[in-house]
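The values are calculated or read from the model by the stated rules, or taken from the named source; none is laboratory data. Remember, predicted model here, so these are calculated numbers, not experimental data. All Cβ positions, even for glycine, are placed from backbone atoms using ideal geometry, and neighbour counts span all protein chains on display. Calculation scope for accessible area: heavy atoms of the full protein, side chains included, ligands and nucleic acids excluded. Shrake-Rupley method; radii C 1.70, N 1.55, O 1.52, S 1.80 Å.
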Amino acid sequence: MVCPISGSFASIMAALPSTLVSPTRDFVENSKVLVVGAGGIGCELLKNLVLTNFKYIEVIDLDTIDVSNLNRQFLFQKQHVGKSKAQVAKESALRFNPDCNIIAYHDSITNPDYGVNFFKKFTLVLNALDNRAARNHVNRMCLAADVPLVESGTAGYLGQVTVIKKGLTECYECEPKPPQKTYPGCTIRNTPSEPIHCIVWAKYLFNQLFGEEDADQDVSPDTEDPELAGEAGERAVQQEAGENAIGGGIQRTSTRAWAVSTGYDAAKLFHKLFHDDVKYLLSMEKLWQKRRPPTPLDWNNLPEENGTAETDSNTRIQDQQLWSIRRCAAVFRDSIEQLKEQLAARGDGAELVWDKDDEASMDFVTCAANIRAHIFGIPTKTRFDIKSMAGNIIPAIATTNAVIAGLIVMEALKILSGNINKCKTVFLNRQPNPRKKLLVPCKLVPPNPKCYVCSAKPEVSVQLNINTVTVKTLEDKIIKGQFGMVAPDVEIDDGKGTILISSEEGETEANNSKHLSEFGIRSGSRLRADDFLQNYELVINVIHVDQLEEDKEFEVVGQMPEPGPQPDTPQPSTSTNGPTEPQPGTSKDVEEEDLMIIEDEEEDKAPSSKATTGVKRKTSDSSDQPVTKKVRTAAAEVAEEDDIIPL
Amino acid sequence: MADGGENGAISEAEAALYDRQIRLWGLDAQRRLRASSVLIAGLKGLGAEVAKNIVLSGVKAVTLLDHQQVTEEDFSSQFLVSRADLGKNRAEASQERTQNLNPNVKVTADTEDVKDKPNEFFTKFNVVCLTCCSQQTLRRVGHVCHDNGVKFYAGNVHGYCGYMFADLGEHDYVEEKPKIVKADKEKGEEDKEGPAGKKAKVDTTETVMVKKTASYCRWQESQTVDWTSDASSKAMKRTPQMYFIMKVLLRFREDHGRDPAVSSREEDKVALLRLRDDVLTEMKLKTDLVGDEFASQCFAALSPVCAVVGGVLAQEIVKAVSGKDAPLNNFFFFNGTDDSGMVDCIGKS
């Protein structure tokens, strides 16, 4: 045993008493595992692995330690803030078992250094990730390297673990994931009705003023609102043209340029955003026939109501106090001043990236969202609540992560001892289901033969407008965003092999701004997208449409037919409970949208959703009725630990 | 029972540290956590997991109680002691690492034997969590806690399986429910009618608190169920097998003064199977109710099993002291060989 740190302990180790007996014990000690992520789940997982006597562990995480991690990522302490998670986690875990070999990488798993050969080194890969993009990537790498993967996720009290093995089970991408929540542009720009609409607007505004300008993130009134049906907007434009109104979809002065020209004058910005633009919206009378019309605000005459009472402020933390509009305006002024300085400090042409943990950025979004909410008669929110929504913070606790990391190792033990067919997808619920299960094990599902990732010849069809979609959009939003490639090469299957996108820098950048039609792409054209790193090739059939609903740029169609009823299909081994507890013959596993599972069994008569908080009963009690497999919204989507799901 | 008391507000530093959990259970729950004292007796793998989770959550004080010494067996599940602590008292050896998890929590080690502690000792705590204890101690402390309004927990991990028990007496708690917003009505008052026929909907950002009460039976009642009665024998079919395995393991502890040991694996297996027959027969149950497998799977403690049971147990303690969310009533059983994690209410008539 080579172990630089353990030294004299190595001899003790060999004889340590253990629950595990041979051969499982030997399989564990001889295995090589990769832990992807050293955050909430990763810390717990590393502890379990070293204590269970896994000897060869590699761990990778690109993140550094933050104060808000310390309530659960127990391998880290205050003095470690700012350091590499992977490195500190390794050092802490080695203290639990000095007889382990751990290699730590402070790096992104999508870095090309970690290719298929890197993955092939491992007996097992264990995911402890918090975002879908990295999960997609590791899924592909494990498929390419044919290494079993244990996938996991947590969100608050809920969690999930599953096992992915090429050819045997569903891969991470076999079931389409629900798209991330987006809001129609006209709701954000013209007719917000919920706090989140104002928060999205405020984040857009941040980018317009200080960040990367994005045409999709316009904050000015939208005259092309379908509700206006033409004439109303035209009239409004005529009325308000001139002045310093820069919105309206007609005048194309950039918000940024205008803000810079005023020297980021808070009063002027306020007047334009919260007075002039609002008056402009009011002129679109059609919008307000069935809505409460917005009330423009006057910088010099702000209301004082709505704040947290002074007496309450002692018992609340700062962030949970509700700001009055007057206070919002003051914060608006101060945060703009600070952001202006941050921008100036970065030199010409610099841009700020919105970060929930940057005080001024968070202040700005809080006050801008609340001022807008006030104008539209929408309840204002505390900075604490707005941070959750704007930063997409998924609450996270030590206990859920501990349970899930424990289950990951239980699945790993089964895989290592050759019993992968006994592995389950296990859900941690908030309350036991009607069959008393707090942890709900479900059979693994076989691969989807139409999966656009793990099937033999992956192929999809995408609807888009070939005359408006650019090569850049194809690459960023479709090939990378939708289909999860990291460094794609794309060619047109036109007999000439025209290269549209190259993964080599500098080769195809000239194509970026061109539309697909300029390359002869028509409805029915086939594109071959290939990611060398992921060892993954996908054929994309282009279907031209003039327009998609809700301003979508593209839509994946006919990607996967609804899989047929699964539960009656015999699994490689159905007697997963061992001889002592025979599985009831009619037992079925059905997944619910919200991570909730019910197993259908004839014993369970009445739906008892009241007794089991949050658990809905989906299937009929009749065991004859085919059980339709629901779209999987497993931990994968719902359950991500920290700060993901960009708005 | 120690009076929690609301000594001071949550500081900004605490708010930053506990941010991700305050976002889950709220500031009031965090404030109650911060005022509570927890006793953890038995610092093997499960005790270590519970201690870690509870200290991280930010309670006021945790007392680690264990009269035994660190053994080699601890190194496969007890991460609060180091290799150098072999032979030292387990509570003392665990103190430093436990304290390092969260400097805001007062962590004390107590090296006395839980069975020698007088009844008054337990009433100083808001929560008492016993692991590695005998039936006798569980019964006595269970009664003391029940009679004095102390939240009582018991748990053990044996190899691939483990369980926890809760007796919260009469427990008041609140549940957060999403607020149902009737868009039409609410908006209608202000602006005639909402846009395009909106239905009643759930506003995920607004919630209401609903007050509830749960009542629990004593540990002793959970151990003395008459399985021959009509109702019980019917319920038995759906009672997790782990309950009966627990009874067998507690009897083993009673008879041998220790748990099944890796060093005497083969003899202990035989003893376990014999005890299974005895225990089930005494309960007037068939001995084939529990298969033989358990006897080879209940040695030492598997770290991931401690993590699962300790995670569930600690979350229950958090629920109990914060008075937030419906607590489990009253057993949780985990069997790592088939990933089953069952909740069952046993002993309450």
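Using a 1.4 angstrom probe on heavy atoms only, work out the carbon and sulfur share of the accessible area of region A:311-452 in %.
46 percent
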At the level of C-alpha centres, the distance separating region A:60-90 and region A:137-205, in angstrom, is 24 Å
Rounded to a whole number, the mean other protein chain Cβ count within 10 angstrom for residues of A:421-433 is 3
In terms of the alpha carbon gyration tensor, root eigenvalues a ≥ b ≥ c, rounded if a/c is under 1.5 and otherwise prolate when a/b exceeds b/c or oblate, region A:458-521 is rounded
Residue separation between A:I103 and A:A267 times 0.36 nm, minus their alpha-carbon distance, gives in nm 53.6 nm
Surpassing 29 Å at the alpha-carbon level, of the pairs A:K47/B:K115; A:K83/B:K151; A:K90/B:K124; A:K356/A:K477; B:K115/B:K269; A:K55/B:K247, are A:K47/B:K115; A:K83/B:K151; A:K90/B:K124; A:K55/B:K247
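Quick one: with all protein chains in place, what share of the accessible area of region A:512-562 is carbon or sulfur, to the nearest percent (1.4 Å probe)?
44 percent
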To the nearest Å², the heavy-atom accessible area per residue of region A:409-528 with 1.4 Å probe amounts to 41 Å²
Checked region B:4-113 against the a/c 1.5 cut and the a/b vs b/c comparison, axes a ≥ b ≥ c from its Cα gyration tensor; verdict prolate
A chain fully extended from A:T498 to A:K181 at 0.36 nm per residue, minus the present Cα-Cα distance, gains in nm 110.6 nm
The rounded separation in angstrom of the Cα centers of region A:424-461 and region A:357-400 is 34 Å
Losing no less than 10 Å² of accessible area (probe 1.4 Å) relative to the isolated chain, the residues of region A:435-465 are A:R435, A:K436, A:K437, A:L438, A:L439, A:P441
Rounded to the nearest 100 Å², the accessible area buried between B and A, both sides, probe 1.4 Å, is 6900 Å²
Candidates B:V150, B:V270, B:V114; GNM for chain B (alpha-carbon contacts under 10 Å) flags as most fluctuating B:V270
Lys and Arg at +1, Asp and Glu at -1: neighbours of B:G58 with Cβ under 9 Å from its Cβ sum to +1
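So what is the 222 nm mean residue ellipticity for chain B from helices alone, if each DSSP H run of at least 4 adds -39500 (n - 2.57) and you divide by all residues, rounding to the nearest 500 deg cm²/dmol?
-12500 deg cm²/dmol
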Heavy-atom accessible area of chain B with neighbours in place, 1.4 angstrom probe: carbon+sulfur share in percent works out to 48 percent
Taking the chain alone as reference and the full protein assembly as comparison, with a 1.4 Å probe on protein heavy atoms only, the residues of region A:381-401 that lose at least 10 Å² of accessible area are A:K381, A:F384, A:K387, A:S388, A:M389, A:I393, A:P395, A:A396, A:I397, A:A398, A:T399
The FRET efficiency for A:D113 and A:E351, from their Cβ-Cβ distance with R0 = 25 Å and rounded to 0.05, is 0.30
Mean other chain Cβ within 10 Å across A:66-75 is 6
Test assert for region B:289-324: residues whose accessible surface shrinks by at least 20 Å² between chain alone and all chains, 1.4 Å probe, equal B:E293, B:L302, B:S303, B:P304, B:A307, B:V308, B:G311, B:V312, B:Q315
Given A:542-551, A:118-127, B:72-81, the highest-first ranking by average Cβ count within 10 Å works out to B:72-81, A:118-127, A:542-551
GNM on chain B, Cα springs under 10 Å; top mean-square fluctuation among B:D259, B:D110, B:D230 goes to B:D230
Rounded to whole Å², per residue accessible area for region A:75-121 with a 1.4 Å probe reads 44 Å²
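Take the alpha carbon gyration tensor of region A:339-417, find the square roots of its eigenvalues, order them as a ≥ b ≥ c, and report rounded if a/c is under 1.5; if not, report prolate when a/b exceeds b/c, else oblate.
oblate
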The simple spin-label model distance between B:T213 and B:K237, using points 7 Å out along Cα→Cβ, in nm, is 3.4 nm
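Using 0.36 nm per residue of separation minus the Cα-Cα distance, give me the extension gain between B:T111 and B:R274 in nm, one decimal.
55.3 nm
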Expressed in nanometres to one decimal, the distance between label points 7 Å along Cα→Cβ at B:N104 and A:K450 is 5.1 nm
Residue-normalised value, i.e. accessible area per residue, for region B:227-306 at 1.4 Å probe, in Å², stands at 45 Å²
Diffing region B:263-273: the Karplus 3J(HN,Hα) column from phi (6.51, -1.76, 1.60, θ = phi - 60°), in whole Hz with x for Gly and Pro, holds 5, 10, 3, 5, 4, 5, 4, 4, 4, 5, 5
Expected integer from the mean partner chain Cβ neighbour count at 10 Å over A:19-29 is 3
